[in-house]
Structures are given as C-alpha cells and as structure tokens.
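Undergrad: Could you have a look at this structure, given as structure tokens, before my questions?
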Amino acid sequence: MPAYATNMRLKFPILALIFEIITIILFGVFVDYDDGKGHGHDPHSNETHHEGNPMDLYPMFQDVHVMIFIGFGFLMTFLKRYGFSSVGINLLLAAFGLQWGLLMQGIWHLVDGKIKIDIFKIINADFSTATVLISFGAVLGKTSPVQLLIMTILEITIFSINDDQHLPLPGCLCALCLRHLQPRGAQRKTGHGQEATLR
C-alpha cells in the first residue's frame, strides 16, 4: 500500500469533520427556518395573501432530491473499481453540498441578518449540488475524497455567485442555470399555440 494512502486515511476524516463543524457553527449563527409569514392568512387581519403555498413545490423537491441522492449515486456504479466508493462518496458530497449550498445561496438574500430556509432554497441547493455531482462523475477515480470536498466548496460557491449575479439579456432565454431550463422542459405546446404545463 502506498504511503499516501495511509496518510489519506487521516486527512479525509479530519478535513470532513472540520468542514462539518464550520458548517454547523455557520448554521447556528446565520440560519433560521421560514416562519411562514406571507403564506396564506395573516392572523392579525382578515385579508388573505394570494402567494403560492410552499407545499405546492414539495413534489418537485422530492423529484430533485431523489435525482441527487439515488440517481447520481447509482449512476456511477457501473464502474468496476469504483462502484461501491462512488455511492458512498456521492452521499457524502450530496449531504455536505446541500448544507453548503443553503449557506451560499442564502448569503445573497439575508433577512434581518439571517438566512431564511424554505423549500425553494432547498431546491436551489439541490441544483447547486447537482453541478458538483456531474463533475464528480468526470473525475471519479482520479481525485481523492479530500480533493472532492474542496471541489464541492469551490464549485457550489461559484455556482451561487453565478446564479445570483447573472442578468439575462432582454428577449433571450437564460441558459446559465438548470433552474431556468427545468420549467421549460416541462411545458408543451397545445394545439392552439398556447403553452400548457404538464402535470
């Protein structure tokens, strides 16, 4: 066994533990769950707000979450030497990537100095994690788990900057992010030239 392999057995768990402790501290300081204000009925008035119910997005959340954890996880199992490790590392990168994605996407939209977690932000974090898992499939077997953790941090940070800072040109379809393409793929033209969303 090469000398770097035994050294990696110490580096990886220590680095993963350090990253997770930092993430837990950041969640404790900056994150707050969405309290539901603005969704439905205000208890101090008789008016009803007609904003979308966050639970309407729950089926989409389930679909994207299954794609991240099961779809990408078992996509790489066809490789003879990396079948088992690809599933394990995929679960690790997906779990850490979702946490980091929530933090990075929420930094741009602080409310009273806090990141409000709601289902839409979790879906966005899923999409940012998908970018890492696509890259993971390209470098599987060539990189160490330490390098994959660092790649996760860098790629999700760059994704969130790109997602927040890009401004689509007028009259152009924004193709910079999966989130903008997903609803387009779920639409079809009806016989009368109107777009109808498939359910």
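Undergrad: Look at ASP63 and say whether it is open to solvent by 90 Å² or more (accessible area, probe 1.4 Å) and at pLDDT 85 or above.
TA: When the stated conditions are applied, ASP63 passes them.
Undergrad: Also, I was wondering about something else. In the set ILE117, ILE89, ILE122, which member is surrounded by 14 or more Cβ atoms within 10 Å (Cβ to Cβ) and in contact with a strand residue (DSSP E or B) (Cβ under 6 Å, 6 or more places away or on another chain)?
TA: ILE117
Undergrad: Within segment 136-148, restricting attention to residues that are modelled with pLDDT of 90 or more and more than 17 Å from VAL87 (Cβ to Cβ), which residue is least open to solvent (accessible area, probe 1.4 Å)?
TA: VAL146
Undergrad: Output the number of the condition that LYS80 fails; it satisfies all remaining conditions of (1) part of a helix (DSSP H, G or I); (2) over 22 Å from PRO13 (Cα atoms).
TA: Result: LYS80 fails condition (1) only.
Undergrad: Checking THR77 against (1) open to solvent by less than 50 Å² (accessible area, probe 1.4 Å); (2) more than 22 Å from LEU154 (Cβ to Cβ); (3) of a type in the set (S, T, N, Q): exactly one of these is not met. Which one?
TA: Failing condition for THR77: (1).
The values are calculated or read from the model by the stated rules, or taken from the named source; none is laboratory data. Every value quoted in this text rests on a predicted model; they were computed, and no experiment measured them. Because the Cβ atoms are built from the backbone with ideal geometry, glycine has one as well, and the counts that use them run over all protein chains shown. Only protein heavy atoms, including side chains, enter the accessible area calculation; ligands, DNA and RNA are left aside. Shrake-Rupley method; radii C 1.70, N 1.55, O 1.52, S 1.80 Å.
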